[in-house]
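Worksheet: the structure to be examined is printed underneath.
The values are calculated or read from the model by the stated rules, or taken from the named source; none is laboratory data. The model shown is predicted, which means the values in this text are computed figures rather than measured ones. A quick note on method: Cβ atoms are made from the backbone with ideal geometry, for glycine too, and the neighbour counts reach across all protein chains shown.
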Amino acid sequence: MEPSNRLIPPHLNAETYRMETSGTYTHAYLDFVRVHKDGHILVGCSELTGRYWNGGACILPNDQESDFQKTNFKRDINLASTTADGCFSGSSDKVILCEDTGAISIWSKSEDAWSTWKEDLSVAEHDGPALVIECLDSDRLYVSAGGDGNVKVWDIRDNMICLRNYNSAHSMQVNTIGVKPMSQKHFVTGSLDGFISVWDEHTNKPVYDVIENNCGVRCLLWIEENKLLFGDESGQLSLIDLRDSKSVIKLHEFPAPVHRIAFNPRSSNIAVCCDNQILSVFHIDGEKLNLVYERKAHQDCIRGLAWDESELNALHTVGWDGELKKHIINE
C-alpha cells in the first residue's frame, strides 16, 4: 500500500485542532494603570488565548481595588487587540484607549441599568501599534504616538480630527510622551532612536531635538518648567535642564531597562519600574535622589505606575502577574 501524501485538515487532527482554538482560561497581562482625581482607576491588559492576542480595560472605584484579584480581571471593555496605554477623558465615565491595530478609540459609560461601556468612536491612523497617549487639554486635545514613529494631535470634540500629523517624527517607535506642566501645547517625545524632541502643537515641525541619547529612550517626564526626567535601555535614569541640554545628569543606574516613571509633585517623589519585579521610589531634591522605598512588588515584570490623586503617599502598580497593588510610601 502506497503512503498517502494527503494533508490532514486541522479539524481531523485533535492535537493540532486544540492548538488552533481559543482556550477557556486567559491570563491578563496588565500593562498600564491610570488614576482619576475622583478615585476611579483605569487598568488595561493584554491576554494571550491560543493563537489570539486580545485586550481590554477595567474601570473601578478606588474602594474596590482590594477585590480586583477576586474578579479575575472582569473587563468592562473588550478589545480585539492588545492595548498598551489609555487615559481618562475629563470625567471617569469616559476613557481613550490605544490599540495594537493602530487605532485610538473613545469609550463612555452608558446611563442604562447595566452601566455598560460602549465605543463612541474609533480612528485607525497609526501605521503601527498605538503605544502611548497623553492629554494636552482634557476637554479637547490629546497627543498619541506609536510603533510607526509618528506623532499625532487629536481634537476629540470634532469627531476625532487629527489636527497635527507629524509623520516620521522619529526613525523608530515612540515609547513615551511628556506634557509640559500647566501647558496645553508643549510636549516632548522619546524614542528608541535615542532622540528626545520638543514639540509645539501650533507648529508642523519639532521645536528642537533636546538630545541624542546613546541608546533608546523608554520613558520620560516633564517635571518642572525646564527639567526633564528620562529612563533608557541601559538602565540609566537621567535629568536634563532644557536651558543647557548638553549637560545630562545621571541620577541612578538600574540593573534593567527603565520601563516607566511617575512623578508626584506634591511630595517630590519619583516612582520607577524596570523590566523586573522591583519597585523603587526616590525623593528628588535638586539634582540628587534619595531612596525612600524599594521592594519586590510583583511576581512578574511591573508595567504600570500611577500616584493617587486623593491620597498623598499612595501609589498604584500593575504587572504581568495580573495583580493591581496599592503601596503606601512613608518617608
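Residue-wise test of (1) closer than 23 Å to Phe263 by Cα; (2) in contact with a helix residue (DSSP H, G or I) (Cβ under 7 Å, 6 or more places away or on another chain); (3) not small (Gly, Ala, Ser).
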residue	(1), (2), (3)
Ser115	no, no, no
Ala124	no, no, no
Val132	yes, no, yes
Cys135	yes, no, yes
Arg157	no, no, yes
Cys162	no, no, yes
Ser168	no, no, no
Ser171	no, no, no
Gly190	yes, no, no
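Return yes or no: is Thr116 over 23 Å from Leu315 (Cβ atoms), among the β-branched types (Val, Ile, Thr) and surrounded by fewer than 19 Cβ atoms within 10 Å (Cβ to Cβ)?
Details: over 23 Å from Leu315 (Cβ atoms): yes; among the β-branched types (Val, Ile, Thr): yes; surrounded by fewer than 19 Cβ atoms within 10 Å (Cβ to Cβ): yes.
Considered against the rule, which asks whether it is over 23 Å from Leu315 (Cβ atoms), among the β-branched types (Val, Ile, Thr) and surrounded by fewer than 19 Cβ atoms within 10 Å (Cβ to Cβ), Thr116 comes out as yes.
Scan region 314-331 residue by residue and report those that are aliphatic (A, V, I, L, M) and over 15 Å from Arg303 (Cα atoms).
Of everything in region 314-331, those that are aliphatic (A, V, I, L, M) and over 15 Å from Arg303 (Cα atoms) turn out to be Ala314, Ile328, Ile329.
With respect to Val123, is the statement that it is buried (at least 20 other Cβ atoms within 10 Å of the Cβ) and part of a strand (DSSP E or B) true?
Details: buried (at least 20 other Cβ atoms within 10 Å of the Cβ): no; part of a strand (DSSP E or B): yes.
Taking the combined requirement at face value, the residue does not satisfy it.
Filter region 290-313 down to residues that are aliphatic (A, V, I, L, M) and modelled with pLDDT of 95 or more and give me whichever is nearest to Glu47 (Cα to Cα).
First, the residues of region 290-313 that are aliphatic (A, V, I, L, M): 291-292, 297, 302, 305-306, 312.
Next cut, modelled with pLDDT of 95 or more only: 291-292, 302, 305-306.
Values: Leu291: 34, Val292: 34, Ile302: 16, Leu305: 20, Ala306: 22 Å.
That would be Ile302.
What pairs can you find where one residue is in region 207-231 and surrounded by fewer than 19 Cβ atoms within 10 Å (Cβ to Cβ), the other is basic (Lys, Arg) and at pLDDT below 95, and their Cβ atoms are less than 6 Å apart, with a gap of 6+ or different chains?
So the pair list comes out as Asn226/Arg243.
Only one of Asp148, Asp158, Asp127, Asp200 is in contact (Cβ under 8 Å) with a residue 12 or more places away in the chain, among the charged types (D, E, K, R) and farther than 23 Å from Gly216 by Cβ; which?
Values: Asp148 fails: farther than 23 Å from Gly216 by Cβ; Asp158 fails: in contact (Cβ under 8 Å) with a residue 12 or more places away in the chain; Asp127 fails: farther than 23 Å from Gly216 by Cβ.
That would be Asp200, the only listed residue that is in contact (Cβ under 8 Å) with a residue 12 or more places away in the chain, among the charged types (D, E, K, R) and farther than 23 Å from Gly216 by Cβ.
With respect to Glu65, is the statement that it is modelled with pLDDT of 70 or more, of a type in the set (D, E, K, R) and surrounded by fewer than 21 Cβ atoms within 10 Å (Cβ to Cβ) true?
Values: modelled with pLDDT of 70 or more: yes; of a type in the set (D, E, K, R): yes; surrounded by fewer than 21 Cβ atoms within 10 Å (Cβ to Cβ): yes.
For Glu65, the condition - modelled with pLDDT of 70 or more, of a type in the set (D, E, K, R) and surrounded by fewer than 21 Cβ atoms within 10 Å (Cβ to Cβ) - is met.
Kindly state which strands (runs of 3 or more DSSP E) lie completely within region 143-239 and contain at least 2 residues that are more than 21 Å from Leu131 (Cα to Cα).
Working: elements: 151-155, 161-166, 174-179, 186-191, 195-200, 208-212, 217-222, 227-232.
It comes to 208-212.
I need a count of the residues in region 226-278 that are in contact with a Pro (Cβ under 9 Å, 6 or more places away or on another chain), on the phi < 0 side of the Ramachandran plot and of a type outside the set (A, V, I, L, M, F, W, C).
7
Identify all residues within region 92-104 that are on the phi < 0 side of the Ramachandran plot and either free of Cβ contacts under 8 Å to residues at least 24 places away in the same chain or not hydroxyl-bearing (Ser, Thr, Tyr) (or both); write none if there are none. Even if it seems obvious, please write down each step before you answer.
We begin by selecting, within region 92-104, every residue on the phi < 0 side of the Ramachandran plot; these are 92-101, 103-104.
Those that are on the phi < 0 side of the Ramachandran plot and either free of Cβ contacts under 8 Å to residues at least 24 places away in the same chain or not hydroxyl-bearing (Ser, Thr, Tyr) (or both): Asp93, Lys94, Val95, Ile96, Leu97, Cys98, Glu99, Asp100, Ala103, Ile104.
Looking at this structure, is Ile270 surrounded by 15 or more Cβ atoms within 10 Å (Cβ to Cβ) and either in a strand (DSSP E or B) or among the acidic types (Asp, Glu) (or both)? First the steps, then the outcome.
Details: surrounded by 15 or more Cβ atoms within 10 Å (Cβ to Cβ): yes; either in a strand (DSSP E or B) or among the acidic types (Asp, Glu) (or both): yes.
The answer is yes for Ile270.
Please work out if Val43 is buried (at least 20 other Cβ atoms within 10 Å of the Cβ) and closer than 30 Å to Asn167 by Cβ. Write out each step before concluding.
Values: buried (at least 20 other Cβ atoms within 10 Å of the Cβ): yes; closer than 30 Å to Asn167 by Cβ: no.
So Val43 fails the test.
How about region 72-94: which of its residues are assigned to a strand (DSSP E or B), farther than 15 Å from Ser122 by Cα and of a type in the set (S, T, N, Q)?
Answer for region 72-94, where residues must be assigned to a strand (DSSP E or B), farther than 15 Å from Ser122 by Cα and of a type in the set (S, T, N, Q): Ser91, Ser92.
Can you confirm whether Val143 is in contact (Cβ under 8 Å) with a residue 12 or more places away in the chain and within 25 Å of Lys180 (Cα to Cα)? Give the steps one after another, and end with the answer.
Values: in contact (Cβ under 8 Å) with a residue 12 or more places away in the chain: yes; within 25 Å of Lys180 (Cα to Cα): yes.
Yes, satisfied.
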